[in-house]
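Report on the structure given below.
The values are calculated or read from the model by the stated rules, or taken from the named source; none is laboratory data. Not measured: the values here are computed from a predicted model. Ideal geometry is used to build each Cβ from the backbone, glycine not excepted, and the neighbour counts take in all protein chains shown. Note: areas computed on protein heavy atoms with side chains; ligands, DNA, RNA excluded. Shrake-Rupley method; radii C 1.70, N 1.55, O 1.52, S 1.80 Å.
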Amino acid sequence: MRKKLFKSESKRLLDLMINSIYTNKEIFLREIISNASDAIDKLHYISLTDENARSKRSEGEINITFDKDARTLTVSDNGLGMTADELEDNLGTIAKSGSLKFKEEMDKKDRDENDIIGQFGVGFYSAFMVADELTVISRSYKEDTAYIWKSEGASGYTIEETEKDTVGTDVIMHLKADTDTENYSEYLSEYRLKNLIKTYSDYIRYPIKMPVEKRREVGEGEEKTYETYTEIETVNSMVPIWQRAKKDVKDEECFKFYKDRFHDFTDPVSVVRINADGLVSYKAMLFIPAKAPFDYFTKEYKKGLALYSNGVMIMESCEDLLPEHFRFVKGIVDTNDLSLNISREMLQQNHELKTIATNIEKKIGAELKRLLEKDTEKYLTFWSAFGLQLKYGIVSDYGLHKESLQDLLLFYSAKEEKLITLKS
């Protein structure tokens with residue numbers, strides 16, 4: 001079987017991509033899972049008008065398995081799969097994206113609902129950061145023959161026929177050997193994989209399933225003992241709380257999400273929900289804390305909101321979404337309207353980002369004003385924790401924010417023996 005070369009200056013481009021485009025090795029799992037989700041999305045869309053695709057379609061799911069002895073990690077989907085030509089076209093050309101081509105075709109048909117995320121054609125190769133060999137077994141919904149694509153990196157790849165019972169794609173990563181500085185075996189750990197899925201892919205719309213080790217009692221009386229067994233379990237949440245209608249989410253659920261996500265033991269003083277449609281569409285769930293974190297006034301504290309696109313976490317703390325005087329706010333912003341850089345780890349500076357940030361700043365200011373006027377007790381709780389931050393906002397940036405913040409300030413009145421506003 002003849003090995004084929006990548007259709008590009010493969011070694012140079014692949015080395016650049018692995019060593020420069022991605023700064024965080026663990027991101028590879030997010031990329032492979034996102035590709036699997038895209039494949040299921042595409043089959044779902046095609047099945048609306050294609051009877052053959054409809055007959056091959058089943059409930060979408062992504063399965064993850066690992067073999068410590070063989071040092072393999074496998075991500076499987078039941079999406080549209082690929083023919084030999086599509087494997088050649090999509091995987092044989094670095095930076096050629098099947099999702100991008102699919103998106104372009106949908107754009108021609110004015111499909112506004114199209115939200116395919118894998119548009120650059122490089123995410124698949126991020127697996128080479130942790131693997132020394134990639135194997136892709138795929139069977140397209142269009143035919144009964146399956147194909148296997150193999151590559152050890154820039155040296156090239158092979159494609160040949162194989163057998164696969166179901167439509168879809170398996171991506172098998174053979175992990176590199178551990179070194180003194182890198183522990184690749186961590187990606188063969190149930191705990192580590194679940195953690196990565198929760199961090200980056202928790203809100204992928206399809207169930208992500210993997211074998212989970214559990215314990216149960218067996219026997220009775222003095223013979224009672226415990227045994228370990230494995231059970232397939234869905235490890236992602238799928239539907240994020242901020243995507244659900246406000247009327248369907250109780251305050252208690254929001255508070256629990258806040259405390260679990262942001263590691264706080266105290267309920268926030270307020271939750272701000274935003275569902276914006278227009279030139280820039282996004283959803284946001286923001287929390288105004290009741291207490292300052294222990295490291296709030298240190299340089300180690302990270303301001304910013306978690307940024308998601310199509311259920312995939314892009315940035316854990318996007319600083320550009322919050323002004324410095326509201327750096328205490330925690331929360332989530334989810335939008336498909338931002339321009340991401342090629343690795344999807346950072347944002348390109350753009351007008352849409354500034355529009356979202358400006359709107360969020362106004363919403364936070366309005367909520368604080370509402371608390372001050374309608375729920376003074378909660379505002380006083382907030383003020384005791386973050387009043388100094390608002391005072392700083394008045395004088396920062398040469399007084400640029402004075403007009404918007406001055407009515408939120410409180411000062412102690414010796415006459416009234418309580419905190420009052422400038423206006424009062």
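If you check Arg205, Arg216, which single one turns out to be open to solvent by 70 Å² or more (accessible area, probe 1.4 Å) and more than 30 Å from Asp41 (Cβ to Cβ)? Walk me through it before giving the result.
Working: Arg205 fails: more than 30 Å from Asp41 (Cβ to Cβ).
The unique qualifying residue is Arg216.
Would you tally the residues in the stretch 318-331 being free of Cβ contacts under 8 Å to residues at least 60 places away in the same chain and either open to solvent by 40 Å² or more (accessible area, probe 1.4 Å) or farther than 25 Å from Phe382 by Cα (or both)?
Qualifying residue count, the stretch 318-331: 2.
Filter the stretch 255-272 down to residues that are open to solvent by 60 Å² or more (accessible area, probe 1.4 Å) and not in a helix (DSSP H, G or I) and give me whichever is modelled with the lowest pLDDT.
His263
Name the residues in the stretch 384-393 that are open to solvent by 30 Å² or more (accessible area, probe 1.4 Å) and free of Cβ contacts under 8 Å to residues at least 40 places away in the same chain, would you? Walk me through it before giving the result.
Initially, the stretch 384-393 is screened for residues open to solvent by 30 Å² or more (accessible area, probe 1.4 Å), giving 384, 388, 391-392.
Of everything in the stretch 384-393, those that are open to solvent by 30 Å² or more (accessible area, probe 1.4 Å) and free of Cβ contacts under 8 Å to residues at least 40 places away in the same chain turn out to be Ser384, Leu388, Lys391.
Looking at the stretch 362-376, can you tell me whether even one residue there is surrounded by fewer than 14 Cβ atoms within 10 Å (Cβ to Cβ) and under 19 Å from Val280 (Cβ atoms)?
Yes, the stretch 362-376 has at least one match.
Within the stretch 280-293, can one find any residue that is modelled with pLDDT under 90, aliphatic (A, V, I, L, M) and open to solvent by less than 20 Å² (accessible area, probe 1.4 Å)?
yes
Scan Ala385, Ala366, Ala414 and give me the residue that is over 33 Å from the mean Cα position of the chain (by Cα) and not aromatic (Phe, Trp, Tyr).
Values: Ala385 fails: over 33 Å from the mean Cα position of the chain (by Cα); Ala366 fails: over 33 Å from the mean Cα position of the chain (by Cα).
Going through Ala385, Ala366, Ala414 in turn, the sole match is Ala414.
At pLDDT below 85, surrounded by 20 or more Cβ atoms within 10 Å (Cβ to Cβ) and not in a loop (DSSP other than H, G, I, E, B): does that describe Ile356?
No.
Looking for whichever is part of a helix (DSSP H, G or I), touching a residue at least 60 places away in the same chain (Cβ under 8 Å) and out of contact with any Asp or Glu (no Cβ under 7 Å at 6 or more places or on another chain) here; the options are Thr199, Thr158. Which one fits?
Working: Thr158 fails: part of a helix (DSSP H, G or I).
So the residue among Thr199, Thr158 that is part of a helix (DSSP H, G or I), touching a residue at least 60 places away in the same chain (Cβ under 8 Å) and out of contact with any Asp or Glu (no Cβ under 7 Å at 6 or more places or on another chain) is Thr199.
Please go through the stretch 66-86 and pick out each residue that is surrounded by 21 or more Cβ atoms within 10 Å (Cβ to Cβ), closer than 19 Å to Asp165 by Cβ, of a type in the set (A, V, I, L, M) and touching a strand residue (DSSP E or B) at 6+ places or on another chain (Cβ under 6 Å).
Step one: list which residues in the stretch 66-86 are surrounded by 21 or more Cβ atoms within 10 Å (Cβ to Cβ), which gives 73, 75, 77-82.
Now narrow it down to the ones that are closer than 19 Å to Asp165 by Cβ: 75, 77-82.
Of the ones still in play, those that are also of a type in the set (A, V, I, L, M) are 75, 80, 82.
The answer is Val75, Met82.
Could you pull out the residue among Thr225, Thr230 that is open to solvent by 50 Å² or more (accessible area, probe 1.4 Å) and at pLDDT 90 or above? It would help to see each step written out before you state the result.
Working: Thr225 fails: at pLDDT 90 or above.
It is Thr230.
Is it fair to say Glu252 is in a helix (DSSP H, G or I) and of a type outside the set (S, T, N, Q)? Spell out the reasoning first.
Working: in a helix (DSSP H, G or I): yes; of a type outside the set (S, T, N, Q): yes.
Taking the combined requirement at face value, the residue satisfies it.
Just name the residue that is farthest from Lys164 (Cα to Cα) out of those in the stretch 44-65 that are assigned to a helix (DSSP H, G or I) and charged (D, E, K, R). Give the steps one after another, and end with the answer.
First pass over the stretch 44-65, keeping only residues assigned to a helix (DSSP H, G or I): 44-46, 51-56.
This time we only want the ones that are charged (D, E, K, R), so: 51, 54, 56.
Numbers: Glu51: 21, Arg54: 19, Lys56: 14 Å.
Per the criteria, the residue is Glu51.
Note down all Cβ pairs under 6 Å where the first residue falls in the stretch 229-242 and is closer than 17 Å to Lys194 by Cα and part of a strand (DSSP E or B), the second is open to solvent by 60 Å² or more (accessible area, probe 1.4 Å) and of a type in the set (D, E, K, R), and they're at least six residues apart or on different chains.
Sorted first by the residue in the stretch 229-242, then by its partner, the pairs are Thr230/Glu213.
Listed residues Gly60, Gly92; which is open to solvent by less than 30 Å² (accessible area, probe 1.4 Å) and at pLDDT below 90? Talk me through it step by step, then tell me what you get.
Working: Gly60 fails: at pLDDT below 90.
Matching residue, one of Gly60, Gly92: Gly92.
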